[in-house]
1. Given the whole protein assembly as supplied and a 1.4 Å probe, what does the accessible area of Ser150 come to in Å², nearest 10?
2. Give the calculated FRET efficiency between Arg128 and Thr192 to the nearest 0.05, with a Förster radius of 25 Å applied to their Cβ-Cβ distance.
3. Not counting ligands, DNA or RNA, and with a 1.4 Å probe, what is Ser33's accessible surface area in Å² rounded to the nearest 10?
4. So for the pair Asp235, Lys202, with labels modelled 7 Å out along Cα→Cβ, what separation do we get in nm?
5. Contour minus end-to-end for Asn216 and Thr252, with contour as 0.36 nm per residue of separation and end-to-end as the Cα-Cα distance?
6. Among DSSP bridges having both ends in the chain, what percentage is antiparallel? Round to the nearest 5.
7. How large is ³J(HN,Hα) for each residue in the range 102-114, as worked out from phi by the Karplus curve 6.51 cos²θ - 1.76 cosθ + 1.60 (θ = phi - 60°), to whole Hz, x for Gly and Pro?
8. Using a Förster radius of 22 Å, what is the FRET efficiency between Leu3 and Arg34 based on their Cβ-Cβ separation? Nearest 0.05, please.
Amino acid sequence: MDLEDVHTFLEVADAGGVSPAARRLGLSKSIVSRRLARLEEALGVQLLSRTTRGATLTEAGATFRDHAARIAAELETAQEAISPAGDLRGLLRIAAPLSFGPMHLAPLFAELARRHPMLHVHAAYSDRFIDLAREGFDAAVRMGHMPDSSLVARRICVIHGKFVASPFYIAAHGAPQTPDDLLSHEALMQGTETWRLVDRGKTILLHPRGRFKADNGEALLAAALAGLGVAALPDLMIEPHLASGALTAVLTDYPPPEAGLYVVRPPGDFTPRKVRVLTEILFEHFG
């Protein structure tokens with residue numbers, strides 16, 4: 001067996017298909033397929049069942065993957081033990097939120113690349129949900145509440161938020177005083193989401209309405225500054241505007257519940273070193 005073929009198999013198994021694994025590895029699909037075929041021939045068993053939607057592990061493949069993952073982790077640990085400090089190679093693909101990433105995360109990603117000159121750092125900024133494994137990402141930085149999923153998540157810090165509106169909007173429409181008041185105000189939302197408010201430790205769920213919607217927080221912030229309605233935004237985005245008076249906090253007795261900043265990665269027992277260094281630099285800054 002060739003260790004490179006084993007590593008390629010693990011990437012395909014984690015990504016759920018040849019195409020996302022090829023993107024993650026920076027290889028052509030034909031090379032990935034050739035390595036898989038070579039490994040299966042060496043073992044004398046079929047490891048993957050190919051379908052139009054991707055690749056699933058056979059029973060033999062699932063058993064081999066568990067053993068191979070442990071071996072790969074041990075090899076990585078051994079390599080780290082003898083490598084010079086900072087000698088981290090390969091490609092790190094990160095998905096980051098557009099609403100928060102370019103200003104607050106991009107400088108940290110740049111510092112990560114500076115510390116590890118042999119590491120290729122590719123960041124993609126979007127507020128849409130990204131399927132990490134299928135789209136070939138090693139990790140994502142996400143804000144909010146983590147739903148139950150197969151992803152492995154590590155919380156970096158707690159994030160607080162507020163309901164805000166501009167003085168112009170408040171002068172024209174008044175400020176909501178209770179959660180029910182929100183139902184008669186213009187809500188600035190990403191879609192038809194439920195808003196959560198905390199009242200003396202109990203979470204209240206509301207379904208507000210509004211005529212302005214956008215798929216990222218920066219656009220909602222601009223709409224709030226323009227006086228179009230009430231927005232629920234994290235403190236990291238609104239603090240300068242609260243300080244200048246361009247925005248005013250409303251419903252301060254009913255804040256949004258605590259959220260978090262997370263690093264998430266595809267499922268697997270072992271965290272790759274490149275994801276660990278990403279987590280460490282985020283802890284340095286936010287933790």
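1. 90
2. Working: r = 16 Å, r/R0 = 0.63.
Efficiency, rounded to the nearest 0.05: 0.95.
3. Per-residue accessible area (Ser33): approximately 50 Å².
4. 2.6
5. Values: separation 36, 0.36 × 36 = 12.96 nm, distance 2.33 nm.
Using 0.36 nm per residue and subtracting the Cα-Cα distance, I get 10.6 nm.
6. Working: 28 of 40 bridges.
Around 70 percent of the beta bridges assigned by DSSP in the chain are antiparallel ones.
7. For the range 102-114, the Karplus curve yields x, 7, 9, 9, 3, x, 6, 5, 5, 5, 4, 5, 5 Hz.
8. On the way: r = 16 Å, r/R0 = 0.71.
With a Förster radius of 22 Å, E is 0.90.
The values are calculated or read from the model by the stated rules, or taken from the named source; none is laboratory data. Predicted model only: the values in this text are computed from it and were never measured. Because the Cβ atoms are built from the backbone with ideal geometry, glycine has one as well, and the counts that use them run over all protein chains shown. Note: areas computed on protein heavy atoms with side chains; ligands, DNA, RNA excluded. Shrake-Rupley method; radii C 1.70, N 1.55, O 1.52, S 1.80 Å.
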